[in-house]
1. Could you please give the count of residues in the range 46-105 that are of a type in the set (S, T, N, Q) and at pLDDT below 75?
2. Could you list, ordered by first residue, the pairs with Cβ atoms under 7 Å in which the first is in the range 1-26 and of a type in the set (Ser, Thr, Tyr) and the second is in a loop (DSSP other than H, G, I, E, B), at least 6 apart or interchain?
3. Of all residues in the range 16-54, count the ones that are assigned to a loop (DSSP other than H, G, I, E, B), more than 17 Å from MET74 (Cα to Cα) and not small (Gly, Ala, Ser).
4. What tally of residues in the range 1-28 results from selecting those that are farther than 25 Å from THR69 by Cα and buried (at least 19 other Cβ atoms within 10 Å of the Cβ)?
5. If only one of THR43, THR31 is at pLDDT 95 or above and surrounded by 13 or more Cβ atoms within 10 Å (Cβ to Cβ), which one is it?
Amino acid sequence: MTDIETVRLLTGDKDILAYVFTNAEVQVFLTLNGDSINLASATLLEAWAAQYSANADNEKIGDYSYTQTIVNKMLALATRLRETDALTPAMDWASFNFTDIEEVV
């Protein structure tokens, strides 16, 4: 699976007939975030939520009422993805190969 496909999977932008963002746009999110899939996904969700936030978040017509919570859910997922990225170590020292340490020193 490519990084673009992984970002789409994490964010729910999976409808190949009607992607919200083009592959080029998803690649920009990856590039802006140092190729971090979690951060790119968070940025995509924030951009997507911004599109929804232009609409009214609730509506009442007679006995019918509707509340749109998708923006809050998208932003909550973006926050979780950013937190996950922040907690991910930059390097896995537990599996570092110390046998070649003489070459480094």
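The values are calculated or read from the model by the stated rules, or taken from the named source; none is laboratory data. As the structure is a computational prediction, the values presented were derived from the model and not from experiment. When we count neighbours, we look across all protein chains shown, and the Cβ atoms used for this are built from the backbone with ideal geometry, even at glycine.
1. Initial filter on the range 46-105 (of a type in the set (S, T, N, Q)): 51, 53, 55, 58, 65, 67-69, 72, 79, 84, 88, 95, 97, 99.
Filter once more, so that each one left must be at pLDDT below 75: 53, 55, 58, 65, 67-68, 95, 97, 99.
So the answer is 9.
2. Partner pairs satisfying both residue conditions: TYR19/ASP13.
3. Just the residues of the range 16-54 that are assigned to a loop (DSSP other than H, G, I, E, B), to begin with: 16-22, 33-36, 54.
Narrowing the set further to residues that are more than 17 Å from MET74 (Cα to Cα) leaves 16-18, 22, 33-36.
Subset that is not small (Gly, Ala, Ser): 16-17, 22, 33, 35.
Residues meeting the conditions: 5.
4. Residues meeting the conditions: 1.
5. Numbers: THR31 fails: surrounded by 13 or more Cβ atoms within 10 Å (Cβ to Cβ).
Exactly one of THR43, THR31 is at pLDDT 95 or above and surrounded by 13 or more Cβ atoms within 10 Å (Cβ to Cβ), namely THR43.
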